[in-house]
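Notes follow the structure.
The values are calculated or read from the model by the stated rules, or taken from the named source; none is laboratory data. If you're wondering where the values come from, they're calculated on a predicted model, not measured in any experiment. Don't worry about glycine lacking a Cβ; one is built from the backbone with ideal geometry, like all the others, and counts go over all protein chains shown.
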Amino acid sequence: MAETSGHARVLELLRALPPGRVLDIPSGGGPVVDGARAHGHDVVELDLFPREGIRGVLADACAPLPFADGAFDAVVSMEGIEHFENQTGFLRECARVLRPGGTLVLTTPNVMHLSARISGFWTGQRLMQQGFVNEVSTLRARNGKRLYHGHAYLIDVFRLRYILRVVGMKLERLDAPTKSPSSMALAPLVPFVWAATRWSLFSGRKRLERHRRAAPPPDVERELAHVALDPALLFGKKLIVVARREGAMAPAGAPRTTAAPEPAR
């Protein structure tokens, strides 16, 4: 049920876009691809370990993708990034093949809902029911030297947001089609989460000032607080992340350079 509702929400997001070229990576096939094509999208499927019945490009999502810069209007990645060794490389390639203003729709398990935080306290891992990452059950398949991992690389939303920014994309919104019942039961803790969030932002800024390093400007702090207290993050079992292709970001405090013009096509 949860997976079906997640697919329905992703398809709803794709139907809100004008028909264009869409990359599905890694490809899940099924109702999302079929529905996107019915809407008029030209969908290209890519996977290194494709499911039976999926016909598309056979390639590694963590390697340079076999497409030109700006080749797609949207990129969809459902339940993929938590399997990838090179998450920064993957998102950098997603940004490269997206046209300016293009949309990334990404889904991944939410390791920051309230009950996941309790699980992290007791076991050191956020998703208690999945067991510990190990070399027997986590490693799923091989293709030459390339490996297909299970949930070996679960990613929290702040690290994901950071990578999106440095590769030239901006997080626009979070969505959670299904809620975690155990996290909903922990809703009385939200005021404490709010207080801890405000304290973390305040103490982090003071620490940066002491070390004479650039602190996030007020608009970035407001965005971080908004993400930290987003109900989708606090209660959602899985996250749908929507991001937009922008320009590359320079590290805080680093000199900004003017990008060279792109060659004519």
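Identify the single condition in (1) under 22 Å from Ala8 (Cβ atoms); (2) within 19 Å of the chain's Cα centre (by Cα); (3) in contact (Cβ under 8 Å) with a residue 60 or more places away in the chain that Leu154 does not satisfy, given that it satisfies every other one.
(1)
Identify, by number, the condition in (1) among the charged types (D, E, K, R); (2) over 24 Å from Met78 (Cα atoms); (3) within 23 Å of the chain's Cα centre (by Cα) that Arg161 doesn't meet.
With respect to (1) among the charged types (D, E, K, R); (2) over 24 Å from Met78 (Cα atoms); (3) within 23 Å of the chain's Cα centre (by Cα), Arg161 is out only on (2).
If you take the residues in the stretch 216-243 that are closer than 25 Å to Cys94 by Cα and among the basic types (Lys, Arg), which one is farthest from the chain's Cα centre (by Cα)?
Per the stated criteria, the residue is Lys237.
Give just the number: which of (1) touching a residue at least 40 places away in the same chain (Cβ under 8 Å); (2) of a type in the set (Ser, Thr, Tyr); (3) in a helix (DSSP H, G or I) does Ser203 not satisfy?
Unmet condition: (1).
Can you tell me which residue among Pro50, Pro66, Pro19, Pro31 is over 25 Å from Met112 (Cα atoms), within 21 Å of the chain's Cα centre (by Cα) and surrounded by fewer than 16 Cβ atoms within 10 Å (Cβ to Cβ)?
On inspection, the qualifying residue turns out to be Pro31.
Does the stretch 55-67 contain at least one residue that is among the charged types (D, E, K, R), in contact (Cβ under 8 Å) with a residue 12 or more places away in the chain and touching a helix residue (DSSP H, G or I) at 6+ places or on another chain (Cβ under 9 Å)?
No, every residue in the stretch 55-67 fails to be among the charged types (D, E, K, R), in contact (Cβ under 8 Å) with a residue 12 or more places away in the chain and touching a helix residue (DSSP H, G or I) at 6+ places or on another chain (Cβ under 9 Å).
On the basis of being at pLDDT 80 or above and in a helix (DSSP H, G or I), does Phe132 make the cut?
no
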